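As structure tokens, the structure follows; a few thoughts come after it.
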Amino acid sequence: MEKRKVTVIGSINMDLVTKTEVIPKVGETVMGESFFTIPGGKGANQAVAAARLGAEVTLIGCVGDDMFGKDLHEHLEKEGIILNNVEPVTHVSTGTATITLSKGDNSIIVVSGANFEVTPEMVRKNESVIADSDVVLLQLEIPLESVMEAAKLAKKHNKTVILNPAPIQALPKELLSLVDYLTPNEHEQELLLAANSLAPDELEEIRSKCIVTKGPEGVFIYDQGEKQIKGFEVEAVDTTGAGDSFNGALAVSLSEGIELKEACKYANAVGALSVTKLGAQSGMPTKEEVERFLQQREDDKS
């Protein structure tokens, strides 16, 4: 079967990860357990997730002309992602995320760096890539006006648009109208709906687009009322990148024409598997691993 085409427009970071038993209070110093540098960024994470699940993935973004940028480009190339549209910039550093892991959870500080060089003009230069896609996947770690431009071009060419609204911020009604699916977590959904002055009919329209991720509980969609698509219980090692794994998997499933509920079930499995290993991208499963996992769960029921 011909590979489906997913285009991801978003951030590319190097994650600086510290694992610690105790998170320090303000002014306090504690001894950590270990330190890693791991490729990250919501755009790159979601691109890797989709590529490992068998899609033809093009990533549009920027890195700095520095060691992190070179390392990330080499890493993403090895993942089989098309990088013709990833541009190095010389006047700003590659984006970073400083992540503290403690007891299976995480806190994150993002420095955007080169990611804010993904301009509307750069997006317009890549209109032909967007036009050739089956699904366009967006997040909010690049300038909002660039996200808007990408959504406009995708709709111009009748492409499915998924927006992962993170980090959460108030969004223009025009952008919300252009998006087919919104994938906030529970907290992000509350802020998203509260931050926008929406009439009742507008509020209902936005709710109908939401696929709300709730960790082990799975996701909630609005299908003639709220409906839960249950998640999978696993032993969590590192939750970093679980949402990105879900979004990449959702994009692949929808690109293949899979019905929304089944696409969400598949994406739940991918998200669950991703938390069983350390690191956002290193924990992302392959298509074969997901198929085995789902088959095992079906066997356990019988």
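Springs between alpha-carbon atoms under 10 Å, Gaussian network over the chain: tell me which of MET122, MET67, MET31 tops the mean-square fluctuations.
Residue with maximal mean-square fluctuation among MET122, MET67, MET31: MET31.
Could you sort the peptides 2-11, 248-257, 167-176 by per-residue average Cβ neighbour count (10 Å cutoff), highest mean leading?
248-257, 2-11, 167-176
What fraction of the Cα pairs in the chain, stated in percent, has a spacing above 37 angstrom?
I get 10 percent for the Cα pairs in the chain exceeding 37 Å.
Using Cα-Cα distances under 8 Å and only pairs 6 or more residues apart, what relative contact order does region 126-216 have, in percent?
Relative contact order for region 126-216 comes out at 25 percent.
Which links in LYS42/LYS173; LYS25/LYS70; LYS78/LYS277 stretch past 26 Å when you go from one Cα to the other?
Violating the 26 Å Cα-Cα cut-off are LYS25/LYS70.
If contacts are Cα pairs under 8 angstrom and at least 6 residues apart, what is the relative contact order of region 169-302 in percent?
For region 169-302, the relative contact order is 18 percent.
For region 175-302, with only Lys/Arg (+1) and Asp/Glu (-1) charged at the beta-carbon, what is the dipole magnitude about the Cα centre, in debye rounded to 20?
Taking the Cα centre of region 175-302 as origin, the dipole is about 200 debye.
Can you tell me the Rg and the Dmax, both Å, for the Cα atoms in region 186-272?
When restricted to Cα atoms, region 186-272 yields Rg and Dmax of 13.6, 42 Å.
Using a Gaussian network for the chain with springs between C-alpha atoms less than 10 Å apart, which of these wobbles most: LYS159, LYS230, LYS25?
Evaluated over the chain, the most mobile residue of the options is LYS25.
Whole percent per 5 Å bin, from 0 to the bin with the longest distance: what is P(r) over all C-alpha pairs of region 1-89?
Percent of Cα pairs in each bin: 3, 14, 22, 19, 11, 10, 9, 7, 3, 1, 0, 0.
Calculate, in whole percent, how much of the Cα-Cα pair population of region 1-156 lies beyond 27 Å.
27
Per DSSP H run of at least 4 residues, take -39500 (n - 2.57); add these up for the chain, divide by its residues and hand me the 222 nm value, nearest 500 deg cm²/dmol.
Result for the chain, helices only: -11500 deg cm²/dmol.
Amide H to amide H under 5 Å from GLY61: which residues, 5+ apart in sequence or cross-chain, H placed 1.01 Å off N in plane?
It is VAL86, GLU87, by chain and number.
What is the chain's relative contact order, in percent, from Cα pairs under 8 angstrom and six or more apart in sequence?
18
Take the chain, connect every pair of alpha-carbon atoms lying under 10 Å apart with a spring to form a Gaussian network, then pick out the residue of PHE246, PHE36, PHE232 with the largest mean-square fluctuation.
PHE36
Taking 0.36 nm per residue of separation and subtracting the Cα-Cα distance, what length does fully extending GLU127 through ARG292 add?
55.7 nm
More than 14 Å apart: what percent of Cα pairs in region 1-49 qualify?
Of all Cα-Cα pairs in region 1-49, 65 percent lie more than 14 Å apart.
What does the convex hull of the Cα atoms of region 106-216 come to per residue, in Å³, rounded to a whole number?
In region 106-216, the Cα convex hull volume per residue is 117 Å³.
We did not get these values from a lab; they are worked out from the coordinates using the rules stated. Everything numeric in this text was worked out from a predicted model, so none of it was measured. With ideal geometry, Cβ positions are generated from the backbone for all residues, glycine too; neighbour counts draw on all protein chains shown.
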